Amino acid sequence: MARPDRRDPSQIRALHCVLGQLNRVDGSAQFSAGDTSVLCGVYGPVDVKLYDEKLDRAHIEVKFRPDIGVPTTKDKWVEDAVRSTFEREILGQLHPRTLVQINVQVCQGDGSVDAAAINATTLALIDAGIPLRAMVAAATCVVRSDHSIIVDPTQEEADSALSTHTFAFSNLQTNSPAYVDSRGEFSIDEYNACYDMCMAAVDRTLAFMRTVVEGKILKETQTAL
Amino acid sequence: MADVKVVVPGDVIDTHTEEEESVLRLGPGLIQQAGKVNAIAAGVLHASSDTNHFWVVGNRRRYVPAEGEPVVGVVLGRHGEGYRVDIGSAHDALLPLLAFEGATRRNKPNLAVGATVYARVSVANEMMDPELECFNSHTGKSEGYGELTQGFTFKCSLGMARRLLNAKAPVLNALGDQVPFEAAVGVNGRVWINAGAPEKTILVVNAIKNSEYLDGKQSKQMVKELLGKQ
């Protein structure tokens, strides 16, 4: 079954990223994969409400807003996904009794929005200089009605899928994923195939992120005395 | 540019040295995990081979206080035996009333709310609120620290502030040749400028802000064009 945009099953969409375009936050990144575009702005470490204050580490707060309409339960799920992923990756012990606030705004949604949110958050945190154990990138796979598996689905492809799987991996040399979300009916073989396909897609996304970050660092370095 | 090594979080750093069992010193941006040294910030990796010192230099906007650094702060209020000062960090800093040159119990300074001060960070760690002092505690002299009257304070990135602190900063030197002004640069990304008249102050502030991504030659050219438009 050919894909509407004629991509290979394991081919992700063209990636694009702009770092530091927001000037009132501590770090920002706009991450796009094809027509899906997500903007993330990060504050931190900043002052925290007494209620949320943690004595030994930073409090991580995530706000996720969809492109259209008011936030619903589905968006709260993405907030939780981003928060649980980055609570492990952000080295909050270095900044106890502070807040790291992650604000994610979907500019344009066309499938794989949760993966784009995780990618945009990693880049925004790096832009802000918040200490991270590793870079985390995510990718989504779906199992289609003919049981074929494709990576980085558009909204149209995801709507007609039997099951959807989002995996995030870090650039540390471990095999365990940083985040897993699977929905729908699927077999263990389909799950494993999605796992492998997402891992390959994440490797390419991590390489892209590294290029973007290196470009920014080199641009800053050439102005140093 | 050939020898610039850029690292990103998660990179393993090769800290192999010739001597076995030597002590490694890890600066900002690096941690030790399971016997390996990992980067936790994105930036340029610096290494000093004679002292086995490694650190990562990357630009940021949010200030994290460290002892001994000069900062520009704004007084928020008086709080018992000191002032609460906003230095842009997660927690406001405490500036004791006696931490000024010549201050005694009878002769305390009187700073208004909203006053700008140039101070030195005397205490900074992740567990306590930062503390400042407006004098050199060893000599008792102010050494340039204290209240900054008149003038205008603006924000810049932390990397930009560090470049401005260099005596050879191109934009400040190019401006100083033509326009007389006073400047106080805080490593917390706040810069105070006093050039007398408002128009001159605005000109100096704009020139500094413009020079964020320019190198020395471009900065000089930009200042020349800005002054020429006057």
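The values are calculated or read from the model by the stated rules, or taken from the named source; none is laboratory data. In this text, all values refer to a predicted model and were calculated from it rather than measured experimentally. Quick reminder, even Gly has a Cβ in these numbers, built from the backbone with ideal geometry, and neighbours come from all protein chains shown. Ligands, DNA and RNA are excluded from the accessible area calculation, which covers all protein heavy atoms including side chains. Shrake-Rupley method; radii C 1.70, N 1.55, O 1.52, S 1.80 Å.
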Please identify the cysteines of the protein assembly as shown that lack any partner cysteine with a Cβ under 4.7 Å from their own Cβ.
-> A:CYS17, A:CYS40, A:CYS107, A:CYS198, B:CYS134, B:CYS156
Inter-label distance for A:HIS16 and B:LEU227, nm, one decimal - labels placed 7 Å from Cα along Cα-to-Cβ = 4.2 nm
Accessible area per residue, 1.4 Å probe, Å², for the stretch B:123-230: what's the number?
-> 54 Å²
Accessible area buried between chains B and A, both sides summed, probe 1.4 Å, in Å² to nearest 100 = 3000 Å²
What does the helix-only formula give at 222 nm for chain B: each DSSP H stretch with n ≥ 4 adding -39500 (n - 2.57), the total divided by the residues, and the result rounded to the nearest 500 deg cm²/dmol?
-> -5500 deg cm²/dmol
For the stretch B:134-204, which GluC sites (Glu not before Pro) are both in a DSSP coil and crowded by at most 10 other Cβ atoms within 10 Å?
-> none
Gap separating the Cα centres of the stretch A:181-217 and the stretch B:122-168, nearest whole Å = 45 Å
Going through the stretch B:179-230, which trypsin sites (Lys or Arg not before Pro) have at most 11 other Cβ atoms within 10 Å and a DSSP loop state?
-> B:LYS229
In sequence order, calculated HN-Hα J values of the stretch A:77-82 (Karplus, 6.51, -1.76, 1.60; Hz; x Gly/Pro) | 5, 5, 4, 5, 4, 5
Please give the calculated 222 nm ellipticity per residue for chain A, where each DSSP H segment of at least 4 residues contributes -39500 (n - 2.57) and the sum is spread over every residue; nearest 500 deg cm²/dmol?
-> -11000 deg cm²/dmol
Approximate spin-label separation B:ASP50-A:SER182, in nm, with each point projected 7 Å along Cα-to-Cβ = 5.8 nm
Prolate/oblate/rounded call for the protein assembly as shown, Cα gyration tensor, a/c under 1.5 rounded = prolate
Take the solvent-accessible surface of the protein heavy atoms, probe 1.4 Å, and return the percent of it on the stretch A:1-70 that carbon and sulfur atoms account for.
-> 52 percent
Per-residue HN-Hα couplings for the stretch A:86-101, Karplus 6.51 cos²θ - 1.76 cosθ + 1.60 at θ = phi - 60°, whole Hz, x for Gly and Pro?
-> 8, 5, 7, 8, 6, 7, x, 5, 6, 9, x, 6, 10, 10, 10, 10
In Hz, Karplus ³J(HN,Hα) per residue of the stretch A:162-171 (6.51, -1.76, 1.60; θ = phi - 60°; x = Gly, Pro) | 7, 8, 10, 9, 10, 10, 10, 10, 9, 8
Name the residues whose placed amide hydrogens come within less than 5 Å of the amide hydrogen of B:GLY82, ignoring near sequence neighbours (fewer than 5 apart) on the same chain.
-> B:LEU97
For the stretch B:188-230, give the percent of accessible area contributed by carbon and sulfur heavy atoms, probe 1.4 Å, rounded to a whole number.
-> 52 percent
Starting from the stretch B:123-175, pick out the trypsin sites (Lys or Arg not before Pro) whose DSSP state is loop and whose Cβ has at most 16 other Cβ atoms within 10 Å.
-> B:LYS141, B:LYS168
Determine the share of the stretch A:101-179's accessible area contributed by carbon and sulfur atoms, expressed in whole percent, with a 1.4 angstrom probe.
-> 46 percent
Using a 1.4 Å probe, what is the accessible area per residue for the stretch A:99-225, in Å²?
-> 37 Å²
Any chance you could check the stretch B:124-164 for residues losing 30 Å² or more of accessible area when the partner protein chains are in, compared with the chain on its own (1.4 Å probe)?
-> B:GLU126, B:ARG163
Solvent-accessible area per residue for the stretch A:1-91 (1.4 angstrom probe, square angstrom) | 56 Å²
In short, the stretch A:182-225 residues buried by 20 Å² or more of accessible area relative to the isolated chain (1.4 Å probe) are A:ARG210, A:VAL213, A:GLU214, A:ILE217, A:LEU218, A:LYS219, A:GLU220, A:THR221, A:GLN222, A:THR223, A:LEU225
Listed pairs B:LYS168/B:LYS220; B:LYS108/B:LYS155; A:LYS216/B:LYS220; B:LYS200/B:LYS224; A:LYS76/A:LYS216 exceeding 21 Å between Cα atoms | B:LYS108/B:LYS155; A:LYS216/B:LYS220; A:LYS76/A:LYS216
Pop out a list of residues from the stretch B:27-45 that are at least 50 Å² less accessible with all the protein chains around than in their chain alone; 1.4 Å probe, no ligands or nucleic acids counted.
-> B:ILE40
Estimated FRET transfer efficiency when R0 is 60 angstrom, pair A:ASP8-B:GLU81 (beta carbons, to 0.05) = 0.30
